[in-house]
Amino acid sequence: DPNLHWETVNSTEVGLEADLLNSRLHFEAAYYNKKTKDLIVLLEPPGILPSLTNNGSIENKGFEFTASWNQNLMKDLNLVIGGNLTTYKNKVLHLEYPSRSRISSSEQTPNQAQTGYPIGYFYGLVADGIYQSYADILASPVNTINGGGVKPGDLKYKDLNGDGVIDENDRTLIGNPTPDFTYGINLALKYKAFDLGIDFAGSYGNEIYRVWGTSEQKNSVYNYPQYYTEGWTAAGSSNWVPIVNQNHLVNRAPSTYGIEDGSFFRIRNLTLGYTLAKLPKITGIKNLRVTFTVQNLKTWKRNLGYSPEYAGDALGYGMDFGGAGSALPRVMTLGLNVNF
């Protein structure tokens, strides 16, 4: 595009900072509002070569809070506790292409950008149980998703517009990969030569779309997830996990069936240390410090995948494709630091 140019960012931030109670309490609070226009986007419209162009504008705003407390609990015992919290709210203000209002989701992934909505939000159908019999199918709205031809064991979807037909017009916002807020907590405890540091991190309010086991083919090369053993086999056998059969394409459409809670809480780092400062002069050592550190000790989460965090670009994040690359390793390190 000969008219391609840099994005423009207009941002405003206002805040306050305070030290109270003889500087034992430190506190910061800020409000931010950032608008980015002429976004640089790679468009890939059907039948046309990919085009890098300026397309639309978005807004991000929220609050940031940071606080810490320093306290001597008793002789030789000191505690420092701190924390931070950041809220997020984003919205697409304007899109120029391809339809002047929306960059649509695909047949297998729900991410979408649309004027007035969060960037990359999940767009799809609302799952409403499973067809238990042909009588159940005949008594329900006509399902035309992915060619129709539904059978017992297939997912039902809600007829949101009430026209008696379940089709693309019944899709709606089914999730948002952007969290309401993220937070962190850090503790530092020191007693004589010993010290202990713990960092916690968490996220709340975001959703994950589980592509594996939902939009993937049921005869894929991957191992089946354990919950497939609970799949529908006969009337009344399941009202949530559909029949496990690669020919039932209606079940592969993006829907609330693949939506999971992305909130989590993690012990991110734990470090235990011991510092020896009084050593015989003959050694030539001023001090010696031994540490034991564990990264990603434990994560409490609600989704089925390896991790609750899935990166990507602005229009394709928060999706779990089942790859082991998303798993966070637990790393244990023993350290020795000697100063001469």
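The values are calculated or read from the model by the stated rules, or taken from the named source; none is laboratory data. Owing to the predicted nature of the structure, the values given are computational and were not obtained by experimental measurement. All Cβ positions, even for glycine, are placed from backbone atoms using ideal geometry, and neighbour counts span all protein chains on display. Each accessible area value is taken on the protein alone, full model and side chains, heavy atoms only, with ligands, DNA and RNA left out. Shrake-Rupley method; radii C 1.70, N 1.55, O 1.52, S 1.80 Å.
Sparse packing (at most 14 other Cβ atoms within 10 Å of the Cβ) combined with a DSSP loop state is found for the following trypsin sites (Lys or Arg not before Pro) in region 240-340: K278, K286, R302, R330.
Going by accessible area, probe 1.4 Å, with all protein chains left in place, what is the ranking of W69, W240, W232, largest first?
W240, W69, W232
A cut-off under 15 angstrom between Cβ atoms defines the neighbours of Y274, and their net charge, with Lys, Arg +1 and Asp, Glu -1, is +2. Neighbours of L93 by Cβ distance under 12 Å: Lys/Arg scored +1, Asp/Glu scored -1, total +2.
Note on the chain: with charges restricted to the Cβ of Lys and Arg (+1) and Asp and Glu (-1), its dipole about the Cα centre is near 1760 debye. Based on DSSP H segments of at least four residues, each scored -39500 (n - 2.57), the chain has a per-residue ellipticity at 222 nm of -500 deg cm²/dmol. Taking all protein chains as they are arranged and a probe of 1.4 Å, the heavy atoms of M332 leave approximately 130 Å² accessible to solvent. When semi-axes √(5λ) of the Cα gyration tensor in Å is computed from the coordinates, the matching label among (1) 26, 25, 22; (2) 52, 25, 18; (3) 48, 28, 19 is (3). Give the carbon-plus-sulfur fraction of the accessible surface of region 77-194 in %, rounded to a whole number; probe 1.4 Å, heavy atoms of protein chains only. C and S atoms contribute 56 percent here. Note that region 191-258, at 37 °C in a medium of 0.692 mPa s, gets a Stokes-Einstein diffusion coefficient of 216 µm²/s from its Kirkwood radius over C-alpha pairs.
Using a cut-off of 12 Å between beta-carbons, work out the net charge of the residues near D38 (Lys and Arg +1, Asp and Glu -1, D38 not included). After counting each charged neighbour, the total is -1.
Could you do me a favour and compute the accessible area per residue for the chain, 1.4 Å probe, result in Å²? It would help to have the intermediate numbers written out before the result.
Details: 19530 Å² over 340 residues.
That works out to 57 Å² per residue.
Extension gain, V80 to R24, is 19.2 nm, computed as 0.36 nm per intervening residue step minus the present C-alpha separation.
Could you size up the charge dipole of region 144-196 around its Cα centre, putting +1 on the beta carbon of Lys and Arg and -1 on that of Asp and Glu, and report it in debye to the nearest 20?
Magnitude of the dipole: close to 480 debye.
Label-to-label distance for N72 and T291 is 2.6 nm, based on points extended 7 Å past Cα in the beta-carbon direction. Working from label points 7 Å from Cα in the Cα-to-Cβ sense, the K192 to L42 distance is 5.9 nm. Apolar share of the accessible surface for region 212-276: 53 percent from carbon plus sulfur atoms, 1.4 Å probe.
For the pair region 1-54 / region 251-287, the C-alpha centres are spaced 29 Å from each other.
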